[in-house]
Amino acid sequence: MANKKEDITKDKDVKKILNEIDNQINNKKEEMLKEFTEKMDEQIEIAVQKKVEQIEKKIVKAKNGKIFRRDIFIIILFVVALYLAYCLYEIGYFNKNLENNDNNSISQNDIINADVKEEILPASYYIEKYSYLVDNVQIPNFIQIFQNGITKDTITNNLKLQIAYKNLDETDKEDNGTVISIASEKILTSYQNICGDDEIIEFTNFEYENLKFLYFNDTFIAGKENADNTLTAPTSTTNYQLVNAYKQDNILTFDVKFEGQETIYKYSFKEVAGIYYFDKIVK
């Protein structure tokens, strides 16, 4: 009986040892498998990275090659274009084009000039329609003032005031029977209507015929001197005749002859935006 118990105990010990060995083997297998898996993952990652780098190098190399070929192609085209331009220059191609352009310009100028010639109107037309321009600048004793000629830029301030007064509308004047008063802005506007919007006037005392205007508080004031409180007739008038009229570019000119004189005075008016403004008077 004792021997049987010893055999049973030995069997148990052997099984226990075998179980422990199995456990150790299994644990070792798992460790080896895990280590193997980790090493394989690392190797695969390295291999993939190397492959990616190889592919990137190939792409960069191919791209550089395309750029290089493109640049070579552009240079070749540029050289060919220069060569063709030189050939055209040698055969006088550009000179021919310049001559054609000149001929076209001449033809266009001829057409324009022809149109301008067609628009020239007879003197009678300008005299009938625009003779008032000459009358606008006719003031008493004016012929003595401009005997040597006059321009818009050389008109004296006193003459500006006289021209402005002559061309006032009656509604611009306030007349109470004994005194005439005119606002200064009316005088300025009247003169600008004759000589241009950019013109200026210095507001000072002035005379027109028998009226003596005093300037005070932005107003021109003159008293009537004749007994019946009516304006005195002009003290000096000169008759004139328009003997010719013509327009060149934007300048309308009248040839004016005064009574008792042989001299012809040329009155010029410049057209600006469809309106004629006084420019000058010359002999």
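Quick notes
- Surface accessible to a 1.4 Å probe, Tyr215 within the full protein complex, Å²: 60 Å²
- When Leu161, Leu82 are compared by accessible area at a 1.4 angstrom probe, the order from most to least is Leu82, Leu161.
- Within the assembled protein chains, the solvent-accessible surface assigned to Ser190 is about 10 Å², based on a 1.4 Å probe.
- Look at the alpha carbon pairs under 8 Å that are at least 6 residues apart: their mean separation over the length of segment 152-283 gives a relative contact order of 18 percent.
- Per residue, the convex hull spanned by the Cα atoms of segment 238-283 amounts to 74 cubic angstrom.
- Exceeding the 24 Å Cα-Cα cut-off - candidates Lys166/Lys224; Lys152/Lys186; Lys166/Lys247; Lys129/Lys212: Lys166/Lys247; Lys129/Lys212
- Taking each residue as 0.36 nm, the span from Asn27 to Leu88 lengthens on full extension beyond its C-alpha to C-alpha distance by 12.8 nm.
- Radius ratio Rg over Rh of segment 136-219, counting only Cα atoms, Kirkwood formula for Rh: 0.95
- Full-extension gain in nm, Asn157 to Ala183, via 0.36 nm per residue minus C-alpha separation: 7.6 nm
The values are calculated or read from the model by the stated rules, or taken from the named source; none is laboratory data. This one's a predicted model, so the numbers in the text were calculated from it and none came from an experiment. Side chains included, ligands, DNA and RNA excluded: accessible areas come from the protein's heavy atoms. Shrake-Rupley method; radii C 1.70, N 1.55, O 1.52, S 1.80 Å.
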